[in-house]
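The values are calculated or read from the model by the stated rules, or taken from the named source; none is laboratory data. This one's a predicted model, so the numbers in the text were calculated from it and none came from an experiment. As a convention, Cβ positions derive from the backbone with ideal geometry for all residues, glycine included, and neighbour counts pool all protein chains shown.
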Amino acid sequence: MTAHRSDAETPVLRRILGVDPAASGPTGYGVIETDGRHYRVLHYGALRIAPKRQKSSPGACLQDVHTLLCQLIEEFSPNAMAVESVFTALNMRTALRLAEVRGVVLLAAEQHGIEVRSYSPREVKAYVAGYGHADKKQMQLMVRALLKMEETPEPSDAADALAVALCHIQGEQFARRFGLSANPSAAPAKSVVTPSAPRRQPAARISGLQPTR
């Protein structure tokens, strides 16, 4: 008798959009597709807004970030969005600017009915690098290794966004395995398991308002 694989055993592909909001520098983004065992980078980069544009209007940067996120959601149809939360050690002025950017990111997700999870920088570092105080270079190298990328993801903002997406994926897997909350803050931190097969990835880019495909 031939055994037939049940639908329950068929791997389900999920896409996660990771976002690293920035108060003044580039806002990083990255889209990862996973079947629960392997990862594939679909797109990543960072939105850098020209100084002239930043000075043109208090809301110009927020509009550009919102437009970019809407474009990414419509193009890649992610199942969830993972966003880095506001770093509490920032000074008040920087924290407020970062909260504004993060606000339009959440707005874009809500407008498209996308589930959103927030992760602190320490949680992301603990899950991806196994160390809550890893520096940017260490995070870039770990992201490259875990995603089997041929090149180190640049800029670091894009690598951070991919790391946030990885953190979310690992949190979901941990929750399913032990029946816990999908938020990593409810579970002990652990590092991501290196995927078993290499995957092709696009070249890194810093984009303007229109992401380059």
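Quick notes on this one:
- Scanning the range 48-74 for residues that are modelled with pLDDT of 90 or more and either of a type in the set (A, V, I, L, M, F, W, C) or touching a strand residue (DSSP E or B) at 6+ places or on another chain (Cβ under 8 Å) (or both) yields ARG48, ALA60, CYS61, LEU62, ASP64, VAL65, LEU68, LEU69, CYS70, LEU72, ILE73.
- Selection of the range 105-136 for residues being of a type in the set (Gly, Ala, Ser) and assigned to a loop (DSSP other than H, G, I, E, B) yields GLY113, SER120, GLY130, GLY132, ALA134.
- Looking only at residues in the range 98-129 that are in contact with a helix residue (DSSP H, G or I) (Cβ under 8 Å, 6 or more places away or on another chain) and of a type in the set (Ser, Thr, Tyr), the one that is surrounded by the fewest Cβ atoms within 10 Å (Cβ to Cβ) is SER120.
- In the set (1) at pLDDT below 50; (2) under 17 Å from the mean Cα position of the chain (by Cα); (3) in a loop (DSSP other than H, G, I, E, B); (4) among the polar types (S, T, N, Q), SER185 fails one condition alone, (3).
- Residues within the range 130-183 that are crowded, with 24+ Cβ neighbours inside 10 Å, closer than 20 Å to ASN79 by Cα and either of a type in the set (Val, Ile, Thr) or touching a Ser or Thr at 6+ places or on another chain (Cβ under 7 Å) (or both), tallied: 1
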